[in-house]
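The values are calculated or read from the model by the stated rules, or taken from the named source; none is laboratory data. The model shown is predicted, which means the values in this text are computed figures rather than measured ones. All Cβ positions, glycine included, derive from the backbone under ideal geometry; neighbour counts span all protein chains shown. Protein only, heavy atoms only, side chains kept; ligands, DNA and RNA dropped before computing areas. Shrake-Rupley method; radii C 1.70, N 1.55, O 1.52, S 1.80 Å.
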Amino acid sequence: MLAVGIALLTGCVARTGADRPAPSPPSDGPLHVASPDWRDQVIYFAMIDRFDDGDPGNNDQGAGEFDPADGARYSGGDLAGLRRRLDYIQALGATTLWITPPVAHRWWDPAARYGGYHGYWAEHFAEVDRHFGTLRDYQQLSRELHGRGMYLVQDIVVNHTGNFFSYRDAWNPGDPLSGFALQADHRGRTAPSQSPFDLNDVRQPGHRVADIYHWTPAITDYRDPQQEQRFQLADLDDLNTENPRVRAALRQSYNHWIEQAGVDGYRVDTAFYVPREFFGDFLHADDPRHPGILRTAAASGRKQFHVFGEGFGIDRAYEDTQARKIDAYMGETGGRKLMPGMINFPLYGTLGDVFARGRPTAELGYRIRSMMRVHAAPALMPTFVDNHDVDRFLAGGSEPGLRQALLAILTLPGIPTIYYATEQGFTGQRAAMFRNGHQSGGRDHFDSDSKPFRFLQEAIALRRTHRVFSRGTPTVLSENPASGGVLAYRMQSTEATALVVFNSADHDALLDGLDLQLSPGTRLAGVFGIQARPADLVVPADGRISIPLAAREGWVWLVSADRGAIAPAAAAPELHPLGAEEFRDDFSASGSALPNEVLRLVVDGDLSSAHRITADSNGHWRAMIDTGNMIDPAIEHRLVVWSESRQQASPSRPFKVHRSWQQLIDQLDPGDDDHGPGGHYQYPSDSGWGVHKQLDIRRLRVFTSGAALRVELFMHDITDVWNPSLGFDHVAFSLFFSLPGRTDGAQALPQQNARMPEDLRWQYRLRSHGWSNAMFSAAGADASQDGAVVTPGARIEVDRGQRMVRFTLPAAALGAPPDLRGLRIYATTWDYDGGYKALRPQADAHSFGGGDGARDPLIMDDALISLPAR
């Protein structure tokens, strides 16, 4: 039993614990080493301030910027902390360490009420910030990594400096002095200390002529290309990267880190906000004084110095618009090649949709085909499941789903990137791993025997042991267009072939009639399983296999040189034609089998809900097919008949369902009541909110189709200026569902300092903002805990013309109740970014005003809906 428990939680691989790669002994290596083959690397991404504190003496620089209790301020992590945890990182299996910018930066921004602990607000691009240590500390980190055969990637910024000036009151493109104001830092400085970035006062003619900056205000419409590349991102001073003087200074700064710190690669922050042409110069300029960084890297022995950019673009299902925008930064311009890699954000988005939110696995199948089609070198694109700019996977997904998403990036092309503390099961976006840091719970979190660490260690070992996963090409073999469930793909290289199979559903699933495209007798050796290592397979005479998969399983096989005995293909049960291609309600199916044979009618691969039937004495059978969860008329469903005794499935029959929806509620909500429970809350002062009043509910409509539910919220306005993947921004919706006849559930609204109205209890909860869509049950929920993750989640649609957001939930999302009569729905609005946004006595650019966020309800507007009981 003990061995089974470990297998379920840590993964099963064809290796023993003693076989795990041991960390190399610490040693001082050279500062400069040859580049690795980046396809084979596994990156560990650490936020310096939140990883570990190796030198408490540099924590507090006396500017009021240090307070581990406050997530907006410094916690104390530093370069010394990274050095002392290299054994831990290497034991996980990572081969490269990527760190947030170590450069000197603005420590506190009173306008934003936020600190620069993350390192992206530079004031000197070529100095180490005092919170993090010294150049000697950085060099020692680099040497110790190289001594272990590991590599160092530094996060860099070329788009902006910290916020030293703004145009908060007014801006006139013809008069850059209009509305201009300097913003002093903690030491009273109003400019970076590095030349020429110190020339930032447009009121001084010499500064204006130098043209180091774009004299522009903050971006208000992220869809506008001019604003995207010339305006200030979040009030950060936008560099004029078209200016040769700026380009030379940036090359000089980042050549410094290659030469002096032995950096092996760069991740480029906010690449979309810089013209593509800049990167041709940045990488390849032949300036003898300040050459392109790839020239400097090559001179240090790094012939394949890796540069990959951040382009935050997530595509909707079956689209690749953002992927093509990302790819443009890896192309050529003016005869010069651009960056060799970009972070694969579209894959990240789809991984979360499928493994966290229960979307159809065909969406991931499409994304795999798309990335291979759109990108010339997807193997050089870092892949990830969460990072410092998005919610942790476990903030809206389950632990089994996380293990599947991690196994996916470790068996697909790309450079798998593990965000720090993912291996410890963190849910807080930027929580600290050391005991005195932010949200650490008063203890260290460097447990190499924890269940998530052990699982990830084994999964990384799988990739590093078998290069077919880092150098192979995927071919999708099976996918489910209707729901979560089976996804199967083959990885093929010149040296090996592997088969990877997932069941993303929270129920058992059937993989039926999979054509392996391998010759009969081929043996596949089971090498890895999330819950249990799979048995070996031998391809039968017809080349197809059918196997059941446990909920949330993930299996990996490698094609073996050994051959197996070819089993004859067994006869399969028969499923007659359905008589129609589209149905509006439940329908009947029929077929034939062996006399008195027990069969399962499997719809969309769902074995757990498969109707069990028995053929009559003549081998005939007939049964009704339940269509209650089939809410999308565009989706093609599949029906097969499964014989457990013969382990054979019938050929599938496709069909569609176009259910009718009945409107039950059309309820108006008072306008302009979006001021909180007491009527005195204010929106954040940033102009993105302003007159839009995105949190003001105006009307609600509710429809049902059987036990499926559709909720439409009509708002004062819908905006999408931040290019959100779900089509709306500046608002988060939290919908609570109180099922009739249920006395269980929770009354507290998690993290909102509030309770359900009228002493109601909720059993299910939906939380969504422009980039997240999470569904929870009340199991384990309280005032601070979300509850248990539920899949499938809601399908979300936006109608900008009607200013409406539509949430459609299949019956399974609400626990498959027999009907929805008497259901009560409580809808609330606020905003969300790694957590519900702050509420303060006075509003600021990104915080609501008029209350105390530690105790007052985080609700701007709300509405209670009651469905008829009869």
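With the structure loaded, tell me whether Phe426 is buried (at least 22 other Cβ atoms within 10 Å of the Cβ), over 22 Å from Asp87 (Cβ atoms), modelled with pLDDT of 95 or more and not hydroxyl-bearing (Ser, Thr, Tyr) or whether it fails that test. Spell out how you get there, then give the answer.
Numbers: buried (at least 22 other Cβ atoms within 10 Å of the Cβ): yes; over 22 Å from Asp87 (Cβ atoms): no; modelled with pLDDT of 95 or more: yes; not hydroxyl-bearing (Ser, Thr, Tyr): yes.
No: the conditions fail for Phe426.
Going residue by residue through the range 752-765, is there one that turns out to be outside any strand (DSSP E or B) and modelled with pLDDT under 95?
Scanning the range 752-765 turns up no residue that is outside any strand (DSSP E or B) and modelled with pLDDT under 95.
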Quiz item: Counting only residues that are modelled with pLDDT of 60 or more, out of contact with any His (no Cβ under 8 Å at 6 or more places or on another chain) and open to solvent by less than 60 Å² (accessible area, probe 1.4 Å), how many does the range 15-34 have?
Solution: 1
Quiz prompt | Qualifying positions in the range 670-682 - touching a residue at least 40 places away in the same chain (Cβ under 8 Å) and over 12 Å from Met860 (Cβ atoms) | solution = Gly671
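Being of a type in the set (Gly, Ala, Ser), touching a residue at least 24 places away in the same chain (Cβ under 8 Å) and surrounded by fewer than 18 Cβ atoms within 10 Å (Cβ to Cβ) is true for just one of Ser847, Ser772, Ser777, Ser784. Which residue is that? Walk me through how you get there before you give the answer.
Working: Ser847 fails: surrounded by fewer than 18 Cβ atoms within 10 Å (Cβ to Cβ); Ser772 fails: surrounded by fewer than 18 Cβ atoms within 10 Å (Cβ to Cβ); Ser777 fails: surrounded by fewer than 18 Cβ atoms within 10 Å (Cβ to Cβ).
The match here is Ser784.
Quick one: count up the residues across the range 250-268 that are among the small types (Gly, Ala, Ser) and farther than 21 Å from Phe197 by Cβ.
Of the residues in the range 250-268, the ones among the small types (Gly, Ala, Ser) are 253, 261-262, 265.
Cutting the leftovers down to farther than 21 Å from Phe197 by Cβ gives us 262, 265.
The number of residues fulfilling the criteria is 2.
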Quiz prompt | Matching residues, the range 169-210, being surrounded by 14 or more Cβ atoms within 10 Å (Cβ to Cβ) and of a type in the set (Gly, Ala, Ser) | solution = Ser178, Gly179, Ala191, Ala210
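Scan the range 35-81 residue by residue and report those that are charged (D, E, K, R), part of a loop (DSSP other than H, G, I, E, B) and open to solvent by 10 Å² or more (accessible area, probe 1.4 Å). Steps first, answer last, please.
Let us first name the residues in the range 35-81 that are charged (D, E, K, R), namely 37, 39-40, 49-50, 52-53, 55, 60, 65, 67, 70, 73, 78.
With part of a loop (DSSP other than H, G, I, E, B) added as a condition, the list becomes 37, 52-53, 55, 60, 65, 67, 70, 73, 78.
Asp37, Asp53, Asp55, Asp60, Asp67, Asp70, Arg73, listed by residue number.
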Quiz item: Which one is modelled with the highest pLDDT, of the residues in the range 686-715 that are over 26 Å from Ala813 (Cα atoms) and surrounded by fewer than 18 Cβ atoms within 10 Å (Cβ to Cβ)?
Solution: Val691
Practice problem: Restrict the check to the range 446-458 and report whether at least one residue is surrounded by 24 or more Cβ atoms within 10 Å (Cβ to Cβ), touching a Phe, Trp or Tyr at 6+ places or on another chain (Cβ under 9 Å), aromatic (Phe, Trp, Tyr) and farther than 17 Å from Arg552 by Cα. | Solution: no
Self-check item: Options Thr216, Thr220; residue that is part of a loop (DSSP other than H, G, I, E, B), modelled with pLDDT under 95 and within 32 Å of the chain's Cα centre (by Cα)
Solution: Thr220
Practice problem: Answer with yes or no whether Arg523 is open to solvent by less than 40 Å² (accessible area, probe 1.4 Å), in contact with a Leu (Cβ under 9 Å, 6 or more places away or on another chain) and over 14 Å from Ile547 (Cα atoms). | Solution: no
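Here's the yes/no breakdown for (1) among the acidic types (Asp, Glu); (2) at pLDDT below 95; (3) within 23 Å of Met381 (Cα to Cα):
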residue	(1), (2), (3)
Tyr419	no, no, yes
Asp447	yes, no, no
Phe469	no, no, yes
Asn480	no, no, no
Val500	no, no, yes
Quiz item: With (1) at pLDDT 95 or above; (2) in a loop (DSSP other than H, G, I, E, B); (3) of a type outside the set (Val, Ile, Thr) as the list, and Ala111 as the residue in question, which single condition is left unmet?
Solution: (1)
Quiz item: Mind checking whether some residue in the range 332-355 is open to solvent by 10 Å² or more (accessible area, probe 1.4 Å), of a type in the set (A, V, I, L, M, F, W, C), in a helix (DSSP H, G or I) and touching a residue at least 24 places away in the same chain (Cβ under 8 Å)?
Solution: no
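Go through the range 656-715 and count every residue that is among the β-branched types (Val, Ile, Thr) and not in a strand (DSSP E or B). Explain how you work it out, then say what you get.
Let us first name the residues in the range 656-715 that are among the β-branched types (Val, Ile, Thr), namely 657, 665, 691, 697, 702, 704, 711.
Among the residues that remain, those that are also not in a strand (DSSP E or B) are: 691.
Selection size over the range 656-715: 1.
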